[in-house]
Amino acid sequence: MSFHIEAKKGYIAETVLLPGDPKRAKYIADTYLEDVICYNNIRGVLGYTGLYKGKRISVQGTGMGMPSMSIYTTELIQDYDAKNLIRIGSSGTKHPDVKQMDLILAMGACTNSNMNKHLFGNYSYAPIANFELLRNAFDTGIKMNKPVKAGLVVTDDQFYDGDDEAREKLASYQVLTSDMETAALYTVAAKFNVKALSILTVTDHDLTNETITSEEREKALTDMIELALETSLTL
């Protein structure tokens, strides 16, 4: 047991899907997994392990933001020996070539957070995805006829009152979408030498003013969920 996860040793699989929303974790467990156990309910941040097409997979909510992602991924790796971490989250875009509900495979993550500056000082650390996971997810997405794109994302510390001018400039430099967790996931994975990938659904499009409801964020992101599950079978 760790500080934030109450699972017993062995209850968590080597491959873990990481939705921000704990209710999305429950939805995935209820809809896609068999022989499910709920191994965590500390702070209502739900975690489950079950079988997907015979493969043992866990799904752990992470909450919002880089600190929360860092806490859960560190504990999953250090205390439960997780080896493959796949974030499945929502995101927003200002890029004209990206459509709402596109699936973005994050090759690397820019960030305005100071978290990595504390680690690396004057160096600008560039956290990236595991190439095997990235390649497998892209190939799997094409085979499944999913709307997949791969490219840079930005992990932002602010949800409200963000810097629109900066985000527009980032988009002009081919940053496809923004979230609040990917840079932390990739940095922690690099520290412990495990595999990580962030798959993001573009739920909010600033150029077209398209968005989805909170219920849809919980239950309607099936393209992303199914891509992550099928990618897990390649590991």
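None of the figures in this text is laboratory data; all of them are computed from the coordinates on show. What you see is a predicted model, and the numbers here were worked out from it, not measured in a lab. For neighbour counting, all protein chains shown are included, and Cβ atoms are generated from backbone atoms with ideal geometry for every residue, glycine included.
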* Hey, can you tell me all the residues within the stretch 90-116 that are over 15 Å from Ala196 (Cβ atoms), of a type in the set (Gly, Ala, Ser) and outside any loop (DSSP other than H, G, I, E, B)? => Ser90, Ser91, Gly92
* To do: Could you check how many residues of the stretch 37-73 are surrounded by fewer than 18 Cβ atoms within 10 Å (Cβ to Cβ) and either in contact with a helix residue (DSSP H, G or I) (Cβ under 7 Å, 6 or more places away or on another chain) or in a strand (DSSP E or B) (or both)?
  => 6
* To do: Please name all residue pairs, on different chains or six or more residues apart, with Cβ atoms under 7 Å, provided the first residue is in the stretch 125-149 and is in a helix (DSSP H, G or I) and the second residue is surrounded by fewer than 18 Cβ atoms within 10 Å (Cβ to Cβ) and β-branched (Val, Ile, Thr).
  => Asn136/Thr234; Thr140/Thr234
* What tally of residues in the stretch 171-227 results from selecting those that are surrounded by fewer than 18 Cβ atoms within 10 Å (Cβ to Cβ), under 21 Å from Asp161 (Cβ atoms) and among the small types (Gly, Ala, Ser)? -> 1
* **helices (runs of 4 or more DSSP H) fully within the stretch 171-235 counting 1 or more residues that are among the small types (Gly, Ala, Ser) and under 12 Å from the mean Cα position of the chain (by Cα)** => 182-192, 222-232
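Out of Thr73, Thr15, Thr31, I need the residue that is over 25 Å from Ala190 (Cβ atoms) and among the polar types (S, T, N, Q). Which one? Let's see the steps before the verdict.
Details: Thr73 fails: over 25 Å from Ala190 (Cβ atoms); Thr15 fails: over 25 Å from Ala190 (Cβ atoms).
Checking each option against the conditions leaves just Thr31.
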* Do you know which of the residues in the stretch 74-89 that are assigned to a helix (DSSP H, G or I) and among the β-branched types (Val, Ile, Thr) is farthest from Lys195 (Cα to Cα)? -> Thr74
